Amino acid sequence: VGKNMENYIAVVSHADNKITKYQDFEKEANANAHVAKYGGFVCAKPEGSAEYWVVDADKKTLTYDKTTFDSDVAAAAAVKYKFARTESYPAISEQLDQLYHDMAAGKADKTGDWYAAIAKIKSDNPKP
């Protein structure tokens with residue numbers, strides 16, 4: 001049930017098991033009146049976003065595809081760390097300067113400032 005208490009959906013048109021046009025209503029009678037005028041069918045409003053609703057026109061049902069939603073959320077989380085790391089990395093010119101100073105100080109290994117800075121960013125934004 002949505003925040004505005006719309007409990008019914010008038011599915012006016014659909015394609016490939018997805019809604020292309022709909023209207024939501026608080027009362028089933030209002031949804032039925034809408035369908036009588038514009039066509040389609042009425043069903044209970046499923047949970048979740050309309051992007052994940054699946055239409056079965058033969059059964060006149062609308063269901064929430066939680067599996068696809070969960071998969072999309074997981075896929076987004078799997079790459080989220082990349083964006084966080086990208087935003088955290090210093091400019092290439094700064095990294096090159098750090099590397100130069102590390103090499104000049106004989107620290108072109110894991111003891112250098114460049115390595116420590118990059119390792120911290122990776123640690124703060126781990127892969128899932």
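The values are calculated or read from the model by the stated rules, or taken from the named source; none is laboratory data. This is a predicted model, so every value here is computed, not measured. FYI the Cβ positions are ideal-geometry reconstructions off the backbone, even for glycines, and counts take in every protein chain you see. These area figures cover heavy atoms from the full protein model, side chains too; ligands, DNA and RNA do not enter into them. Shrake-Rupley method; radii C 1.70, N 1.55, O 1.52, S 1.80 Å.
Data overview
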| item | result |
| --- | --- |
| Odd one out for Tyr81, checked against (1) within 15 Å of the chain's Cα centre (by Cα); (2) open to solvent by 60 Å² or more (accessible area, probe 1.4 Å); (3) at pLDDT below 95; (4) over 17 Å from Asn17 (Cα atoms) | (2) |
| Residues located in the range 94-108, provided they are of a type in the set (A, V, I, L, M) and not in a loop (DSSP other than H, G, I, E, B) | Leu96, Leu99, Met103, Ala104 |
| Which numbered condition Thr111 misses (of (1) open to solvent by 80 Å² or more (accessible area, probe 1.4 Å); (2) of a type in the set (Ser, Thr, Tyr); (3) closer than 30 Å to Ile9 by Cβ; (4) not in a helix (DSSP H, G or I)) | (3) |
| The range 59-93, residues that are touching a residue at least 24 places away in the same chain (Cβ under 8 Å), among the hydrophobic types (A, V, I, L, M, F, W, C) and in a helix (DSSP H, G or I) | Ala77, Ala78, Ala84 |
| Candidate set: the range 1-51, residues that are part of a helix (DSSP H, G or I) and open to solvent by less than 50 Å² (accessible area, probe 1.4 Å); chosen: the one farthest from Thr63 (Cα to Cα) | His34 |
| The range 52-77 - residue that is of a type outside the set (A, V, I, L, M) and open to solvent by less than 60 Å² (accessible area, probe 1.4 Å) and, of those, farthest from Tyr22 (Cα to Cα) | Thr68 |
